[in-house]
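To start, the structure itself, in structure tokens.
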Amino acid sequence: MLKILGIESTAHTIGVGIAIDEKPYIIANERASYIPEKGGIHPRESSRFLAEKAPEVLARALRAASTSIDDMDGIAIALGPGLGPSLRVGATIARALALRYKKPLIPVNHGVAHIEIGLITTGARDPVVVYLSGGNTAVIAHHSGRYRVFGETLDIALGNLLDTFAREAGLGPPYVVNGLHVVDRCAEEGSKFIEDMPYVVKGQDLSFAGLLTASLRALKRGAKLEDICLTLREIAYSMVVEVTERCVSHTRKREILVVGGVAASPYLRDKMEWAAKHHRADLYIVPPEYAGDNGAMIAWTGLLAYKHGVSIPVGESYIKPRWRVDEVDTPWRI
Ligand code: FE2
């Protein structure tokens, strides 16, 4: 049995997971997340938090799986994409463990890991993947040995749009309460659409920056907050669904898989369900435990990669803050 430890620290979560190559596949998934009391995430403060919490999270994961680092076949690390200071925390720990315990080091792309954990936990096989998180918005499908990006945001990510607006409007942090984003919840009380809010889809790409600016302007103008949230939500989610539908049509794939921290929205799910039905595709959504950043997804993807000969010398394990999913060969998925 192959056993891989995975470390995630690309943004504000330090996660440690352990994966094995037989059911139940994931035997530990522990994490700690930095949530600033006010304002946005400061990269330096976030990385300090990750470094402080890492030993405890690692110990919790080993305890949960009743195992030790000696028992591992390799150490998988998310080398990117992400924030430099955060990436360095996890990379430093992973390198130290690999050297100290003489284990192979396995480089993992964070985006690819979001996709792979989505596949293994939902049973989807060859879907159009909708990857939605605080830092990423992309529609992706596998073709000829790699995940290919069929459309993506040209500026800010969907999660960033929702969180930034919530922060400016005084709705958060925290941005997600009982599994529902505060913008989603606020929109439930909205009753009418605000006019002249931009819906920007260019070819297969999306732009949310103008929508954020227009929403903030409406707020300043004194428009009803609930109506702004409703309009923002409907426009943003519809844009994502539009490019997803077109990708399904072009690729003729018969599955849609939604992954990443914003995957859980029930309103987005409604729209995706409608689109999936229309295209006779099956809809899969990553379970909440594996939607946000987590160590299990790094461990699992590391296991797939290691089984196909992927590892990296410690001296070459540089972090890659801008590492794209379409730069990664996936020998485990031809
Ligand atoms: Fe992520």
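Between the helical axis of 43-64 and the longest alpha-carbon principal axis of the chain there is an angle of about 60 degrees. Look at the dipole of segment 174-302 built from charges on Cβ: of His250, Gly260, Ile235, the Cα furthest out on the positive end belongs to His250. Among the listed pairs Lys271/Lys320; Lys277/Lys320; Lys224/Lys277; Lys53/Lys102, those whose Cα-Cα separation exceeds 30 Å are Lys271/Lys320; Lys277/Lys320; Lys224/Lys277. Cysteine residues of the chain whose Cβ has no partner cysteine Cβ closer than 4.7 Å: Cys247. Quick check for you: which residues of segment 115-144 have the amide N under 19 Å from the point 7 Å beyond the Cα of Gln204 toward its beta carbon? Label zone hits: 115-116, 125-133, 136-144. Separation of segment 287-312 from segment 97-139 is 5 Å, based on Cα centroids. Subtracting the Cα-Cα distance of Asp21 and His279 from 0.36 nm times their residue separation leaves 89.5 nm of extension gain. The residues of the chain have, on average, 44 Å² of accessible surface per residue, using a 1.4 Å probe with all protein chains present.
With respect to the chain, whose longest principal axis is taken over its alpha-carbon atoms, helix 225-251 is tilted by about 60°.
Rounded to the nearest 10 degrees, the angle from helix 110-122 to the longest Cα principal axis of the chain is 90 degrees.
Of the chain, which part is the longest with no trypsin sites (Lys or Arg not before Pro) in a loop (DSSP not H, G, I, E, B) and with at most 11 other C-beta atoms within 10 angstrom? Longest site-free region, per DSSP loop and neighbour criteria: 103-191. Ordered from highest to lowest accessible area with the whole protein assembly present and a 1.4 Å probe, Phe150, Phe193 read as Phe193, Phe150.
The values are calculated or read from the model by the stated rules, or taken from the named source; none is laboratory data. All values derive from a computational prediction rather than experimental measurement. Positions of Cβ are backbone-derived with ideal geometry, glycine not excepted, and every protein chain shown enters the neighbour counts. To get the accessible areas, we keep the full protein, side chains included, count just its heavy atoms, and leave off ligands, DNA and RNA. Shrake-Rupley method; radii C 1.70, N 1.55, O 1.52, S 1.80 Å.
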